[in-house]
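Just passing along the structure, written as structure tokens.
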Amino acid sequence: QVQLVESGGGLVQPGGSLRLSCSASGSIVSINDMGWYRQAPGKQRELVAVITSGGSDNYADAVKGRFTISRDNAKNTVYLQMNSLKPEDTAVYYCYADEIIAVLERGSYWGQGTQVTVSS
């Protein structure tokens, strides 16, 4: 089993920045995709950004141009740099990782979530 340990999050003013980190540890075979979801109160969980093992990234339209996802494969760590934060970015942010275990075997793992609050 793989465990994901998140750090970051907190209270920030509109226009401010935060950097989230998430490191995978445990019985890792091969981490494939890593990324971030978020869920605001009363809303569905949505994909914020994803990055493949090869470094290809994609973003939700709402965060394009403001958020940047990156990863360090050697450290099994994914980051989310969040700039120009808006109140509508307020949510619990969840790290995830997808692991290729075998040809027909996959593992999906989630972090515990970290609260991001953007408010003046």
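The values are calculated or read from the model by the stated rules, or taken from the named source; none is laboratory data. Worth saying up front: this structure is predicted, and the values here are computed from it rather than measured. Quick reminder, even Gly has a Cβ in these numbers, built from the backbone with ideal geometry, and neighbours come from all protein chains shown. These accessible areas exclude ligands, DNA and RNA; they are computed on the full protein's heavy atoms, side chains included. Shrake-Rupley method; radii C 1.70, N 1.55, O 1.52, S 1.80 Å.
Which one of these does residue 29 not meet: (1) β-branched (Val, Ile, Thr); (2) part of a strand (DSSP E or B); (3) surrounded by fewer than 18 Cβ atoms within 10 Å (Cβ to Cβ)?
Failed condition: (2).
Any residue in region 84-108 that's more than 22 Å from residue 33 (Cβ to Cβ) and touching a residue at least 60 places away in the same chain (Cβ under 8 Å): show its pairings with residues that are open to solvent by 10 Å² or more (accessible area, probe 1.4 Å) and in a strand (DSSP E or B) at Cβ separation under 8 Å, as long as the two are six or more apart or on different chains.
Hits for this filter: 85/12; 85/18.
I'd like the residue in region 42-60 that is assigned to a strand (DSSP E or B) and aliphatic (A, V, I, L, M) and, out of all such residues, is most open to solvent (accessible area, probe 1.4 Å).
The selected residue is 47.
Scan region 73-104 for residues that are of a type outside the set (Phe, Trp, Tyr) and under 19 Å from residue 28 (Cα atoms) and report the count. Before the answer, list the steps.
Applying the first criterion (of a type outside the set (Phe, Trp, Tyr)) to region 73-104 yields 73-78, 80-92, 95, 97-104.
Those left that are additionally under 19 Å from residue 28 (Cα atoms): 73-78, 95, 97-104.
The total comes to 15.
Within region 2-34, restricting attention to residues that are closer than 22 Å to residue 85 by Cα and in contact with a Gly (Cβ under 9 Å, 6 or more places away or on another chain), which residue is modelled with the lowest pLDDT?
If we take residues in region 2-34 being closer than 22 Å to residue 85 by Cα and in contact with a Gly (Cβ under 9 Å, 6 or more places away or on another chain), then 6 is modelled with the lowest pLDDT.
Let me ask something else. So which residues in region 34-46 are over 13 Å from residue 4 (Cα atoms) and touching a strand residue (DSSP E or B) at 6+ places or on another chain (Cβ under 9 Å), if there are any at all?
Initial filter on region 34-46 (over 13 Å from residue 4 (Cα atoms)): 37-46.
If the condition is that a residue be over 13 Å from residue 4 (Cα atoms) and touching a strand residue (DSSP E or B) at 6+ places or on another chain (Cβ under 9 Å), then 37, 38, 39, 40, 41, 43, 45, 46 are the ones that fit.
Got at least one residue in region 50-71 being touching a residue at least 40 places away in the same chain (Cβ under 8 Å) and hydrophobic (A, V, I, L, M, F, W, C)?
Of region 50-71, the ones touching a residue at least 40 places away in the same chain (Cβ under 8 Å) are none.
Checked region 50-71: no residue is touching a residue at least 40 places away in the same chain (Cβ under 8 Å) and hydrophobic (A, V, I, L, M, F, W, C).
Within region 1-47, restricting attention to residues that are within 15 Å of the chain's Cα centre (by Cα) and charged (D, E, K, R), which residue is farthest from residue 58 (Cα to Cα)?
Step by step, filter region 1-47, then rank; the result is 6.
Just one of the numbered conditions (1) within 17 Å of residue 8 (Cα to Cα); (2) out of contact with any Pro (no Cβ under 6 Å at 6 or more places or on another chain); (3) not charged (D, E, K, R) is not true of residue 31; which one?
All conditions are met except number (1).
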